[in-house]
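Undergrad: Take this structure, written in structure tokens, and hold onto it; I'll ask about it next.
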Amino acid sequence: MTDGHDVSARSAEAHAGAAPQHAPKDSGAQRRGKRANVWRQLPLLLLLIVVWVLLWDTISWLSIIGGIVLAVLVVRVFHLPAVELGGRVNLPRLVWFLVRQAAQMFGASLQVAWQAFDWRSTPRNAIIAVPLHTTSDLILTWTGQAVSLIPGSIIVEADREEGRLYLHTLNTATPEALEKVRRGVLDTEEAIVLALGSPEEVRIVRAERAARRAAGSGRGAGKDA
């Protein structure tokens with residue numbers, strides 16, 4: 001009986017002595033997580049510093065130090081969700097997006113100008129909701145900005161939690177016109193993701209594009225039959 005109690009006591013002591021060994025691992029993981037978070041936030045901090053220096057319109061130690069202090073205060077005081085950067089840039093896709101954006105802006109400018117001088121018809125406007133395929137705050141913001149730059153459409157609300165954009169658009173008198181606007185917003189999101197999105201976001205939009213093409217092929221085969 002005594003030996004059994006001794007074995008149990010030694011076993012309990014061994015477990016008690018081994019338990020604290022997990023604490024350094026957890027603290028080490030936390031430190032690594034904090035360092036990774038600092039590196040993720042570093043580009044945004046640098047951007048805030050650059051904006052502050054540009055606002056002062058002069059490059060001096062006072063403006064740079066003031067920008068650093070302001071950037072740290074903004075990040076620490078305003079507890080906003082961490083912005084996850086994709087960490088990749090596809091240069092050919094980025095050039096294609098910029099060319100596509102410029103062409104859309106030029107074409108939409110001509111359409112809006114024509115509507116302004118066309119007294120024979122009164123264009124019908126609409127506010128529509130477009131659910132995006134990704135949930136990234138950056139992709140949501142970039143897509144909204146790109147869409148708002150196109151004449152005839154402007155973002156009136158962005159639902160971050162649902163990943164949804166609400167935009168006011170001109171000349172949407174038919175369901176086909178509404179669907180064309182929605183498709184245009186999603187194509188803009190897709191172009192941005194392929195240029196600047198994370199690998200996971202790229203997989204999402206490519207899978208959606210493949211599903212859309214498969215659905216189109218199925219409808220075409222049904223019509224032929």
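Undergrad: Return the residue satisfying two criteria in turn: it lies in the stretch 52-87 and is surrounded by 13 or more Cβ atoms within 10 Å (Cβ to Cβ) and at pLDDT below 80, and of such residues it is nearest to A191 (Cα to Cα). So that I can check it myself, show each step before the final result.
TA: Within the stretch 52-87, the subset surrounded by 13 or more Cβ atoms within 10 Å (Cβ to Cβ) is 52-53, 56, 63-64, 66-68, 70-72, 74-75, 83, 85-86.
Within this subset, residues satisfying the condition of being at pLDDT below 80 are 75, 83, 85-86.
Details: V75: 30, V83: 20, L85: 16, G86: 14 Å.
Filtering the stretch 52-87 for residues that are surrounded by 13 or more Cβ atoms within 10 Å (Cβ to Cβ) and at pLDDT below 80, the one nearest to A191 (Cα to Cα) comes out as G86.
Undergrad: Now for a separate question. Given the conditions (1) out of contact with any Phe, Trp or Tyr (no Cβ under 8 Å at 6 or more places or on another chain); (2) surrounded by fewer than 17 Cβ atoms within 10 Å (Cβ to Cβ), and given that S153 satisfies all but one, which numbered condition is not satisfied?
TA: The number of the failed condition is (2).
Undergrad: All but one of (1) surrounded by 14 or more Cβ atoms within 10 Å (Cβ to Cβ); (2) among the β-branched types (V, I, T); (3) farther than 20 Å from Q104 by Cβ hold for T135; state the number of the condition that does not hold.
TA: With (1) surrounded by 14 or more Cβ atoms within 10 Å (Cβ to Cβ); (2) among the β-branched types (V, I, T); (3) farther than 20 Å from Q104 by Cβ applied to T135, the lone miss is (1).
Undergrad: Quick check on this structure: which one of R164, R160 is without any contact (Cβ under 8 Å) to a residue 24 or more places away in the chain and in contact with a Pro (Cβ under 9 Å, 6 or more places away or on another chain)? Break it down stepwise before answering.
TA: Details: R164 fails: without any contact (Cβ under 8 Å) to a residue 24 or more places away in the chain.
Only one candidate qualifies: R160.
Undergrad: Please go through the stretch 48-65 and give me each residue that is over 29 Å from the mean Cα position of the chain (by Cα) and part of a helix (DSSP H, G or I), ordered by number. Can you show your working first?
TA: To start, the set of residues in the stretch 48-65 that are over 29 Å from the mean Cα position of the chain (by Cα) comprises 56-63, 65.
If the condition is that a residue be over 29 Å from the mean Cα position of the chain (by Cα) and part of a helix (DSSP H, G or I), then W56, W61, L62, S63, I65 are the ones that fit.
Undergrad: When you look at L110, is it exposed (fewer than 12 other Cβ atoms within 10 Å of the Cβ), more than 28 Å from L44 (Cα to Cα) and aliphatic (A, V, I, L, M), yes or no? Talk me through it step by step, then tell me what you get.
TA: Values: exposed (fewer than 12 other Cβ atoms within 10 Å of the Cβ): yes; more than 28 Å from L44 (Cα to Cα): yes; aliphatic (A, V, I, L, M): yes.
So L110 fits the description; yes.
Undergrad: Got at least one residue in the stretch 121-143 being in a helix (DSSP H, G or I), touching a residue at least 40 places away in the same chain (Cβ under 8 Å) and among the β-branched types (V, I, T)?
TA: Start the filter on the stretch 121-143 by keeping residues that are in a helix (DSSP H, G or I), which leaves 137-143.
Okay, now just the ones that are also touching a residue at least 40 places away in the same chain (Cβ under 8 Å), so 137-139, 142-143.
Those still in the list that are among the β-branched types (V, I, T) too: 139, 143.
So far as the stretch 121-143 goes, yes, one or more of its residues are in a helix (DSSP H, G or I), touching a residue at least 40 places away in the same chain (Cβ under 8 Å) and among the β-branched types (V, I, T).
Undergrad: Since L47 meets every condition but one in (1) at pLDDT below 90; (2) of a type in the set (A, V, I, L, M, F, W, C); (3) in contact with an Asp or Glu (Cβ under 9 Å, 6 or more places away or on another chain), which condition does it not meet?
TA: In the conditions (1) at pLDDT below 90; (2) of a type in the set (A, V, I, L, M, F, W, C); (3) in contact with an Asp or Glu (Cβ under 9 Å, 6 or more places away or on another chain), L47 misses (3) alone.
The values are calculated or read from the model by the stated rules, or taken from the named source; none is laboratory data. None of the values given here were measured: they were computed from a predicted structure. Every residue, glycine as well, gets a Cβ built from its backbone with ideal geometry; the counts of neighbours run over all protein chains shown.
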